[in-house]
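Reading through the structure tokens given below for one structure.
Quick note: the coordinates plus some simple rules give every number you see, no bench work behind them. Bear in mind the structure is a predicted one, so any value in this text is a computation, not a measurement. With ideal geometry, Cβ positions are generated from the backbone for all residues, glycine too; neighbour counts draw on all protein chains shown.
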Amino acid sequence: MTTHHDTHGQIGYEQAENPDLALARLLELDGEVLAPYLAELTGLLAALASPTPTRILDLGSGPGTGSLALARQFPSAQVTAVDISAQMLHRLRERARAQGITGRLSTLEADIDGSWAEIGARGPYDLIWAASFLHHVSDPARTLARAFAQLRPGGLLAVTEMDFFPRYLPEDPGVGRPGLEARLHAATNTQPDHEWTDQLQKAGFSVEKRPFEIRLDHAQAGPSVNPYAHGFLTKLHSHATGLLDTDDLAAWDILLDPSQPNSVARRDDLRVHTTRTTWIARRP
Ligand SMILES: C[S@@+](CC[C@H](N)C(=O)[O-])C[C@H]1O[C@@H](n2cnc3c(N)ncnc32)[C@H](O)[C@@H]1O
């Protein structure tokens, strides 16, 4: 399959050949649909941070959902976005330009498991953000110790994880047997929940754990919910071969085919239900 760009430079419903680009687009859609949650979380950090952050670090920034939300929340802050993927950072710079956020957002292509010399040269930081990222590093305890060292006393570290993958479809989507989406999740979501409280405390932080439950109906989620659900479910489905029975796989083939009238790409009955947990950790 080929990558298809529409007039807005976005990836369409065909699968991208480049997995980084496909993931970037999915993360961008996640940020668009979940914008109210991001605004709530960055608003909470603004209320807890004192003084107002002027230097912010986004670890594993991807295409910059967090960096851009933080740059909007803290209009006088310098934001450094670090990622190992040049493609993710390219998307971030493009999006920053499109949103008029230039001059105070810089990108750093680096392996966070490697040297922190360049990250340190831009610090110390008042706020460090790590969303859907900490479970990617080879040694989370070392990463937390390094983040602690890069924060000024009183500074905040916000670590977020998605503990329950988004659900989009009604119980009976009208294709296949009811409960199709629950069975896809049960078959593919086998990761244990992430729990960072102990490791944060061992690194020296004082920690508050905040759960966020997100429920949006189709109207609240907006038109991006269709490509968002389609991208996410396509990704899960790609891991499901051999894990679901043939009837379920055939039903997913229909639901994920954008040319089908009841495809996830076209339906007007999608909603979003998901949860995120943020550990808000302060360096004493
Ligand atoms: C699931 S994405 C999360 C992106 C973003 N924080 C968000 O919430 O949308 C994880 C990101 O971590 C980056 N990453 C993974 N391992 C890394 C490493 N060792 N050093 C730097 N970045 C890394 C990936 O390239 C990817 O962009």
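Taking a ≥ b ≥ c as the square roots of the Cα gyration tensor eigenvalues, with a/c under 1.5 meaning rounded and otherwise prolate when a/b beats b/c, else oblate, which class fits region 195-257? It is oblate, given that a/c is not under 1.5 and a/b is not larger than b/c.
With an a/c value of 1.5 or above and a/b larger than b/c for the gyration tensor axes a ≥ b ≥ c computed over the alpha-carbon atoms, region 142-202 is described as prolate. Projecting label points 7 angstrom from Cα along Cα→Cβ for H273 and T54 puts them 4.7 nm apart.
Pop the C-beta distance of R177 and E40 into the FRET formula with R0 = 41 Å and round what comes out to the nearest 0.05.
Details: r = 36 Å, r/R0 = 0.89.
Result of the calculation: an efficiency of 0.65.
Run the numbers on region 76-143 and let me know its relative contact order in percent, using alpha-carbon pairs under 8 Å that are six or more apart.
On the way: 51 pairs, mean separation 23.0, N = 68.
Relative contact order here is 34 percent.
When the chain is treated as a GNM, springs tying every alpha-carbon pair under 10 Å, which of I119, I214, I56 comes out with the largest mean-square fluctuation? Top of the fluctuation ranking is I214. Loop-resident chymotrypsin sites (Phe, Trp or Tyr not before Pro) (DSSP state other than H, G, I, E or B) in region 208-284 with no more than 16 further Cβ atoms inside 10 Å of their Cβ are absent. Seen from L23, the other residues with C-beta closer than 12 Å to its C-beta sum to a net charge of -1, counting Lys and Arg as +1 and Asp and Glu as -1.
Sites listed here are GluC sites (Glu not before Pro) in region 162-257 whose DSSP assignment is loop and whose Cβ has at most 15 other Cβ atoms within 10 Å: E171, E195.
Output the relative contact order of region 74-211, whole-number percent, from Cα pairs under 8 angstrom with separation of 6+ residues.
Numbers: 127 pairs, mean separation 26.0, N = 138.
In percent, rounded to a whole number, it is 19.
Only bridges with both residues in region 19-282 count here: give the DSSP antiparallel percent, nearest 5.
On the way: 20 of 39 bridges.
Counting only bridges with both partners in region 19-282, antiparallel ones make up about 50 percent.
The alpha carbons of region 57-203 give a radius of gyration and a Dmax of 18.0, 56 Å, in that order. For L105, the residues whose modelled amide H falls within less than 5 Å of its own, excluding neighbours fewer than 5 places apart on the same chain, are V79. Amide H to amide H distances under 5 Å link S61 with V82, D83, where only residues 5 or more positions off or on other chains count and H is placed in the peptide plane. Short-range pairs are left out: with C-alpha atoms under 8 Å and at least six residues apart, the relative contact order of region 19-282 is 20 percent. Using a Gaussian network model on the chain with a 10 Å cutoff between Cα atoms, which of V79, V175, V207 fluctuates the most? Of the options given, V175 has the highest mean-square fluctuation.
Across region 19-282, the volume of the C-alpha convex hull divided among the residues equals 126 Å³ per residue.
What you get for the chain, charging only the Cβ of Lys and Arg (+1) and of Asp and Glu (-1), is a dipole of about 1280 debye around the Cα centre. Given their separation in residues at 0.36 nm each and the Cα-Cα distance between them, D113 and K202 gain 30.1 nm when the chain is fully extended.
Once the Cβ-Cβ distance of D245 and S76 is raised to the sixth power relative to R0 = 41 Å, the FRET efficiency obtained is 0.15.
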